[in-house]
1. Give me the accessible area per residue for chain B, probe 1.4 Å, as a whole number in Å².
2. Can you pull the mean other chain C-beta count within 10 Å for peptide B:34-47?
3. Keeping the other protein chains in place, figure out the carbon and sulfur percent of the accessible area of chain B, with a 1.4 Å probe.
4. What number results when the radius of gyration of the protein assembly as shown, computed over Cα atoms, is divided by 2.2 N^0.38 Å?
5. Go through the range A:135-178 and name the GluC sites (Glu not before Pro) that are in a DSSP coil and have 16 or fewer other Cβ atoms within 10 Å of their Cβ.
6. Can you pick out the pairs among A:Lys88/A:Lys111; A:Lys174/B:Lys57; A:Lys81/B:Lys14; A:Lys88/B:Lys14; A:Lys73/B:Lys5 whose Cα atoms lie more than 28 Å from each other?
7. Take the alpha-carbon centre of the range A:101-178, take the same for the range B:53-75, and report the distance between them in whole Å.
8. Tell me the total accessible area that B and A bury against each other, 1.4 angstrom probe, in square angstrom rounded to 100.
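The values are calculated or read from the model by the stated rules, or taken from the named source; none is laboratory data. This structure is a prediction, so every number in the text was calculated from the model and none was measured. Neighbour counts run over all protein chains shown; Cβ positions are idealised from the backbone, glycine included. Heads up: the accessible areas ignore ligands, DNA and RNA and are worked out on the full protein's heavy atoms, side chains in. Shrake-Rupley method; radii C 1.70, N 1.55, O 1.52, S 1.80 Å.
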Amino acid sequence: MLRLVSGRVSGLLARRVTPAVCTSSARPASHGHAPDVSPAVDMSRPMYWDRRDVPLPDRPFRDELSAGDKSLKEKEKGSWKQLSNEEKIALYRLSFNQTYAEMKRPSAEWKTVLGGVFIFLGFTGLVVWWQRVYVYPPAPRTFDPEWQQKQVQRMLDMRVNPVEGFSAKWDYEKKQWK
Amino acid sequence: MSLPKPVMRGLLGKRLRFHLPIAFTLSLAAAIAFKYTVTEPRKQAYADFYKQYDATKEFNAMREAGIFESVRPSGE
């Protein structure tokens, strides 16, 4: 018998299924748990889930029905025109825990995510700054302004990209940039 | 509350009939735009460059600048 103490497992269709910790589960936890541990979910029985991408779970939300619920289920077998709106909603809530609107409700999580991203980016910037001061060796001599000037002059002498590119922008008669 | 049965077949075909002409038209437009904004001006730039190009003069200018190893500037 498969038992799961916590967290997520691969379930249906190789998708990840997060089981709702559901009070109407058929098998209650038997041994004494620490107060924060949720009861073990029996993964070999059909499960209920609230998921936006996999709509119809393997079992209804409430499968232990009270007498009133049972009579409502009997009434459901007849014509649905005889059901009042409250009864229809009650039947829905027997089968499902959350509506799609409730599942899709917006949260403020994005602020936390973005904040965390910026905090780590900022910290990384500080690390890089420290490295620039204490770790980096001196720059190669090819970065000196004098060297760069001579490099540009040599590129112009060699006529680098004379049609549309580098040397095309230099006026060789007036010896200046166009 | 009896709803009409939704369309069950031909969904891909319908999507293709709608999107493929648009895709082909836009691709063609992109290609034509690229041709007339990039390749034609580039071809013209090269034509204009070589119309007035004197290879010997350019070579001598480069030689005098001292970039070649096979021929040194005429002074040395």
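1. Numbers: 6860 Å² over 76 residues.
That works out to 90 Å² per residue.
2. Working: counts 0, 0, 0, 0, 0, 0, 0, 1, 2, 0, 0, 3, 2, 1.
Taking all residues of B:34-47 together, the mean is 1.
3. Working: 4380 of 6860 Å².
Using a 1.4 Å probe with all protein chains present, chain B comes out at 64 percent carbon and sulfur.
4. On the way: Rg = 37.8 Å, N = 254, 2.2 N^0.38 = 18.0 Å.
Working it through for the protein assembly as shown, the quotient is 2.09.
5. On the way: sites: A:Glu146, A:Glu164, A:Glu173; in loops: A:Glu164, A:Glu173.
Sparse-neighbourhood loop GluC sites (Glu not before Pro): A:Glu164, A:Glu173.
6. Values: A:Lys88/A:Lys111 38 Å; A:Lys174/B:Lys57 17 Å; A:Lys81/B:Lys14 36 Å; A:Lys88/B:Lys14 37 Å; A:Lys73/B:Lys5 26 Å.
Long pairs (Cα-Cα over 28 Å): A:Lys88/A:Lys111; A:Lys81/B:Lys14; A:Lys88/B:Lys14.
7. Here the two parts' Cα centres lie 35 Å apart.
8. By this definition, chains B and A bury close to 900 Å².
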